[in-house]
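These notes are about the structure you will find just below.
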């Protein structure tokens with residue numbers, strides 16, 4: 001059985017927070033002290049992990065910001081994941097990779113993320129159907145399936161009405177994921193953008209037992225109180241740039257820690 005939910009619930013209740021810290025090290029926005037180091041991504045991610053660790057209910061590295069650099073990027077990614085597991089093994093890692101492919105390909109992705117890296121959860125795209133998700137689930141992995149994303153053009157496909165049921169496509173996806181979770185209990189959650197508080201509330205009313213991963217808070221404009229009121233406690237609220245890329249000064253670690261603590265205290269006050 002996946003370790004994600006037990007780790008998340010324990011850490012959430014310990015900190016009285018739902019803060020997921022996203023790590024998106026866009027090279028062009030890194031502090032000068034990182035760019036001057038031998039390995040900018042290692043320097044940056046190691047500092048962020050060590051400084052913000054006290055306030056992380058979960059980590060969410062975005063693999064794209066590492067992949068662009070090939071072998072060096074993968075080295076930095078794996079170094080960071082191993083550091084997270086060493087410094088804070090009680091904090092679940094959600095790898096943001098949005099994978100979505102069939103059978104044998106999905107099996108290979110699943111083995112890399114859940115057997116080699118040993119992360120706790122993975123974001124995936126359900127567009128190709130349940131047989132593109134089952135290889136991850138069969139390995140015992142936890143999946144956050146894209147439902148309604150926070151970007152403006154999410155409406156292009158996700159808010160199309162489906163024939164027959166008359167549901168929006170994202171609602172149909174959520175229903176199918178809830179049904180799939182009957183076969184794989186405790187292994188499936190839903191990504192719902194924080195810029196859609198009304199839809200978050202509707203999905204929570206529809207699926208009381210699904211865990212939500214909610215990007216879009218902070219730099220993308222989502223309001224924390226509205227998100228928490230709509231999502232309830234079974235949700236991770238992600239903040240990336242607002243915490244980790246808020247300054248390019250040499251003391252970016254201290255600044256990131258302060259930003260994480262500020263969000264942590266806000267969540268403390270709203271936690272019930």
- [ ] Pull up region 113-151, narrow it to residues that are in contact (Cβ under 8 Å) with a residue 60 or more places away in the chain and part of a strand (DSSP E or B), then point me to the one that is surrounded by the most Cβ atoms within 10 Å (Cβ to Cβ).
- [x] 121
Open item on the list: For the condition touching a helix residue (DSSP H, G or I) at 6+ places or on another chain (Cβ under 9 Å) and surrounded by fewer than 18 Cβ atoms within 10 Å (Cβ to Cβ), what is the one hit in 180, 203, 167?
Closed with: 167
Task: Residue satisfying all of: in region 56-82; more than 18 Å from the chain's Cα centre (by Cα) and surrounded by 13 or more Cβ atoms within 10 Å (Cβ to Cβ); farthest from residue 213 (Cα to Cα) among these - done: 72
Task: Residue selected from region 206-218 under the condition part of a loop (DSSP other than H, G, I, E, B) and touching a strand residue (DSSP E or B) at 6+ places or on another chain (Cβ under 8 Å), by the criterion surrounded by the most Cβ atoms within 10 Å (Cβ to Cβ) - done: 215
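Residues are listed down the side, and each one gets a yes or a no for (1) part of a helix (DSSP H, G or I); (2) more than 30 Å from residue 30 (Cα to Cα):
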| residue | (1), (2) |
| --- | --- |
| 199 | yes, yes |
| 226 | yes, yes |
| 236 | no, no |
| 249 | no, no |
| 257 | yes, no |
| 262 | yes, no |
Open item on the list: Please verify whether residue 21 is under 15 Å from the mean Cα position of the chain (by Cα), within 20 Å of residue 243 (Cα to Cα) and surrounded by 19 or more Cβ atoms within 10 Å (Cβ to Cβ), treating the condition exactly as stated.
Closed with: yes
Task: Which numbered condition residue 98 misses (of (1) surrounded by fewer than 20 Cβ atoms within 10 Å (Cβ to Cβ); (2) at pLDDT 95 or above; (3) out of contact with any strand residue (DSSP E or B) (no Cβ under 6 Å at 6 or more places or on another chain)) - done: (3)
Open item on the list: Tell me the residue from 190, 203 that is outside any helix (DSSP H, G or I) and under 19 Å from residue 235 (Cβ atoms), please.
Closed with: 190
Open item on the list: Checking the conditions here, which among 156, 101, 175 is within 22 Å of residue 200 (Cα to Cα) and in contact (Cβ under 8 Å) with a residue 12 or more places away in the chain?
Closed with: 175
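The values are calculated or read from the model by the stated rules, or taken from the named source; none is laboratory data. What you see is a predicted model; the values in this text were computed from it and never measured. Note: ideal-geometry Cβ built from the backbone for every residue, glycine included; neighbour counts use all protein chains shown.
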